[in-house]
Amino acid sequence: MYSVKVGEQSHQPSKILCVGRNYLEHIHELNNAVPDQMVVFNKPATSIGSKLHAFHQQRLHYEAEICFVVEGGRLSAVGVGLDLTKRALQSQLKEKGLPWERAKAFDGSALFSRFISLQGIAIESLEVELFINCVRVQKGAVTQMMYPPQTIVDELSSFTTLCDGDIIMTGTPQGVGEVHQGDVFLARLKSDDKTLIEIEWVAQ
């Protein structure tokens, strides 16, 4: 429970470290300010779910992201994930200057594909695509990130211990929106136009 597949093995992360506002277009679509420094928040391991839900006390929004597993303080494996968000609640909390955990760290708020080894994969070649009902709604590449993966690792390591199995979610590109019951989500992780991982979820 609360685990992810890395290769053929199951791993239980101690935490999920998330980067917000890492794509300029996404910052603009939510009318957020461009941050002076990296925006970081955590999800507990209990936020890992296996089913995509459209509702958890209120409507949920999807955010597709390139995700990494850490081993030995380094990025060792890569996958794709969905960061589910209570957008209305998040907006209320931000207006009051309060933390986002109630909107971001609830049970089932993090969905992941399997993870594959980074060996032989150029990190800068990675990109994520998300399709809903066969229509592409999100596409983002490492080369578009304000803070590329290694910079994220360096920043996180400056204030917290990265334990083996921890997951890093690197932020979402433009195109976020509401999850609707019955929607078919297809996420792809690609490298130089080659599909490395593909996963499908049907919203409940």
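Observations on the model:
- Dimensions in Å of region 73-180 - Rg and Dmax from alpha carbons: 15.3, 46
- Note on the chain: GNM, Cα springs under 10 Å; of Gly182, Gly49, Gly165, the largest mean-square fluctuation is that of Gly182.
- Along principal axes, Cα extents of region 130-204, largest first, whole Å: 42, 29, 21
- In the chain, helical runs assigned H by DSSP with n ≥ 4 each contribute -39500 (n - 2.57); averaged across all residues and rounded to the nearest 500, the mean residue ellipticity at 222 nm is -3500 deg cm²/dmol.
- Solvent-accessible area per residue, Å², over region 148-204 with all protein chains present [probe radius 1.4 Å]: 46 Å²
- Rounded percent of accessible protein surface that carbon and sulfur make up, region 119-158, 1.4 Å probe: 49 percent
- For region 29-109, the list of trypsin sites (Lys or Arg not before Pro) that fall in a loop by DSSP and count at most 11 other C-beta atoms within 10 angstrom reads Lys51, Lys96.
- Assuming charge only on the beta carbon of Lys and Arg (+1) and of Asp and Glu (-1), the dipole of the chain about its Cα centre is about 520 debye to the nearest 20.
- Region 31-161, relative contact order in percent, only Cα pairs under 8 angstrom and at least six apart counted: 24 percent
- Amide hydrogen proximity for Val39: with H placed 1.01 Å from N in the peptide plane, the residues at 5 or more positions away or on another chain lying under 5 Å are Gly20.
- For region 1-105, chymotrypsin sites (Phe, Trp or Tyr not before Pro) are listed when DSSP marks them as loop and at most 16 other Cβ atoms sit within 10 Å of their Cβ; the list is Tyr2.
- Per-q log10 I(q)/I(0), region 67-106, q = 0.18, 0.31 Å⁻¹ (Debye; single scatterer per alpha-carbon; no solvent): -0.63, -0.94
- Inverting the pair-averaged 1/r between distinct Cα atoms of region 1-90 gives 14.9 Å as its Kirkwood hydrodynamic radius.
- Label-point separation in nm, Gln57 to Gln37, each point 7 Å along Cα→Cβ: 2.9 nm
- A viscosity of 1.567 mPa s and a temperature of 4 °C, combined with the Kirkwood radius over C-alpha pairs in the Stokes-Einstein formula, give the chain a diffusion coefficient of 77 µm²/s.
- Relative intensity of region 48-91 on a log10 scale, I(q)/I(0) at q = 0.17, 0.24, 0.26, 0.31 Å⁻¹, equals -0.60, -0.85, -0.92, -1.10, per a Debye sum over C-alpha point scatterers of equal strength in the absence of solvent.
The values are calculated or read from the model by the stated rules, or taken from the named source; none is laboratory data. The model shown is predicted, which means the values in this text are computed figures rather than measured ones. Methodologically, a virtual Cβ is constructed for each residue, glycine included, from the backbone with ideal geometry; neighbour enumeration extends over all protein chains shown. Quick note on the areas: whole protein, heavy atoms, side chains included, nothing else; ligands and nucleic acids left out. Shrake-Rupley method; radii C 1.70, N 1.55, O 1.52, S 1.80 Å.
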